[in-house]
Amino acid sequence: MFSARGVPAVWKRFSSSSTTTIVTKAIPSKTHLHAPLPDFAFPKGYVLTGLHCGVKKKPELLDLAVILSTSSRPTSAAACFTRNAFKAAPVVVSQEVLQRNGGRARAVVVNSGCANAVTGKQGMEDAWAMVRATDTLLPDPQSASETLVMSTGVIGQTLPIAKILEGIRAQVPSGARTLGSTFQAWERAARAFMTTDTFPKLRARTFEINGKTYRLAGMDKGAGMIHPDMGPPSGQLHATLLGCILTDAAISPRSLQSALTYAVDRSFNSISVDGDMSTNDTIIVLANGAATPAGEPEIDEERDAQAYETFKQELTSFAADLAQLVVRDGEGATKFVTVTVEGAPTYKDAHAVASRISTSALVKTALFGEDANWGRILAATGSIPLSQPLEPSRVNVSFIPTDGTAPLPLLVNGEPEKVDEARAKEIITQEDLEIKVELGLGSESAKYWTCDFSYEYVRINGDYRT
């Protein structure tokens, strides 16, 4: 029978002649990945909450988050959305809000427990209803909608919209308002994002631009159906994962979108749990300028390229931290694996090879079984067409332990090494490890973060709707 997460399970396989018992590994605890943060760590000018409105059956599970900017300055907004052909209603609605407003928005509303995807006309009406209800909570609400909306959960079911709207409307000043700016408020919002997640994914940091201190904070959710491919809300769309990042820096809308697109490609678009792209994947960033001195212009890539570059790199690093939390909480995951590909002709080539290794079921099951079957890594590497032909005689593959000990070469210049199997086993039994592939074709590199496939992953997804 199966066990709860974190407890070894026993499987019995029956045949006419014998019974085989398989004892699976315990899923590592994730509790150390979430800890309280001081209230001053969070950006200025935001209030948030998370509450139970009734999307989820259990009243102790939060399922609705509301995030408002209270800054007196204009708030810039940027987002990257899934390119899945079956884009959920909230994805379509949020794209439209951003395009109508020229990259301005002051609020985000999120529900978990129901994805509002493949729900037709009713789904679109419900998403717009969530937007309009949240607009009324903003100070000095405008005629145009200023709320972005996200949903996550089961696909193909309509929202219990009356319950959601009741929860949103309770946040008016005269109602049972729980909006706040403390750690507890941020944590409640992060918990309201969760579905099969085992911990709220919440981070904050400070950074400096031109001698001034600003803050970034963000939350995301995701544990399964994770292989995002996301892009900006206009033009070619590049990607169940939701994330919201807030900063009190003032960034122009176009530069915020440019920075986010760059950051997402090197963070959320570089993770995979199971290789499945969601209909709802969305990453939103708000920049409200609450920590920017009055009269100082927004940071813009054309007016102040150095300040913009600093912000872009801070956002990319922060987004990578949040993205890695999703992989660490992958459904049934017992390993956190960094796949590094170096020596590629282009970044696109390096990224494609890293993605293929990270999504290979054979690589991922070998990682779970702690089998150093590096031939599967090579097979995945060689299956990707590159911008110039791969030359096997130039390829190197190594296991890189995360404890600071020496790397273990597996393949050098296309020739297999005499591998110390005991050492290989020692590395692959660690919870964190790195697979490094050198192609020998150029100077570009890319990283991907992935996990293993376990029996527990099958159990979780075999009865997801029950």
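The values are calculated or read from the model by the stated rules, or taken from the named source; none is laboratory data. These figures come from a predicted structure and were not determined experimentally. Positions of Cβ are backbone-derived with ideal geometry, glycine not excepted, and every protein chain shown enters the neighbour counts. Accessible surface is based on the protein model in full, side chains and every heavy atom, while ligands, DNA and RNA are left aside. Shrake-Rupley method; radii C 1.70, N 1.55, O 1.52, S 1.80 Å.
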Just checking, does segment 265-275 include any residue being surrounded by fewer than 22 Cβ atoms within 10 Å (Cβ to Cβ) and either touching a Ser or Thr at 6+ places or on another chain (Cβ under 6 Å) or not acidic (D, E) (or both)?
yes
Just checking, which of Y457, Y448 is within 19 Å of V326 (Cα to Cα) and part of a strand (DSSP E or B)?
Y448
Being aliphatic (A, V, I, L, M) and under 19 Å from A217 (Cα atoms) is the filter here, so list the residues in segment 263-303 that pass it.
A263, V264, I283, I284, V285, L286, A287, A290, A291, I299
Going through segment 441-466 in order, the residues found to be over 22 Å from N373 (Cα atoms), touching a strand residue (DSSP E or B) at 6+ places or on another chain (Cβ under 9 Å) and either modelled with pLDDT of 95 or more or among the hydroxyl-bearing types (S, T, Y) (or both) are L441, G442, S443, E444, S445, A446, Y464
So which residues in segment 446-456 are open to solvent by 40 Å² or more (accessible area, probe 1.4 Å) and of a type in the set (D, E, K, R), if there are any at all?
K447
List every residue pair whose Cβ atoms sit under 7 Å apart, with the two residues 6 or more apart in sequence or on different chains, where the first one lies in segment 147-168 and is part of a strand (DSSP E or B) and the second, anywhere, is of a type in the set (V, I, T) and open to solvent by 40 Å² or more (accessible area, probe 1.4 Å).
T152/T195; G153/T195
Among the hydroxyl-bearing types (S, T, Y) and surrounded by 17 or more Cβ atoms within 10 Å (Cβ to Cβ) - does that describe any residue in segment 198-221?
yes
From the set of residues in segment 169-199 that are among the basic types (K, R) and part of a helix (DSSP H, G or I), which is nearest to the chain's Cα centre (by Cα)?
R191
Residues that are closer than 20 Å to E125 by Cβ and either in the same structural domain as T279 (by the TED database) or open to solvent by less than 10 Å² (accessible area, probe 1.4 Å) (or both): does segment 178-187 have at least one?
no
Just one of the numbered conditions (1) among the β-branched types (V, I, T); (2) out of contact with any strand residue (DSSP E or B) (no Cβ under 8 Å at 6 or more places or on another chain); (3) within 23 Å of Y457 (Cβ to Cβ) is not true of I384; which one?
(3)
Of the residues in segment 300-320, how many are of a type in the set (D, E), surrounded by fewer than 21 Cβ atoms within 10 Å (Cβ to Cβ) and not in a loop (DSSP other than H, G, I, E, B)?
1
Does any residue of segment 269-283 turn out to be under 19 Å from P43 (Cβ atoms), touching a helix residue (DSSP H, G or I) at 6+ places or on another chain (Cβ under 8 Å) and among the hydroxyl-bearing types (S, T, Y)?
no
Within segment 349-366, the residues that are open to solvent by 50 Å² or more (accessible area, probe 1.4 Å) and within 20 Å of the chain's Cα centre (by Cα) are R356
Taking the conditions exactly as written (in the same structural domain as S71 (by the TED database), modelled with pLDDT under 95 and of a type in the set (A, V, I, L, M, F, W, C)), does A287 satisfy them or not?
no
Answer yes or no: is there a residue in segment 280-299 that is over 30 Å from G123 (Cβ atoms), open to solvent by 10 Å² or more (accessible area, probe 1.4 Å), assigned to a helix (DSSP H, G or I) and not small (G, A, S).
no
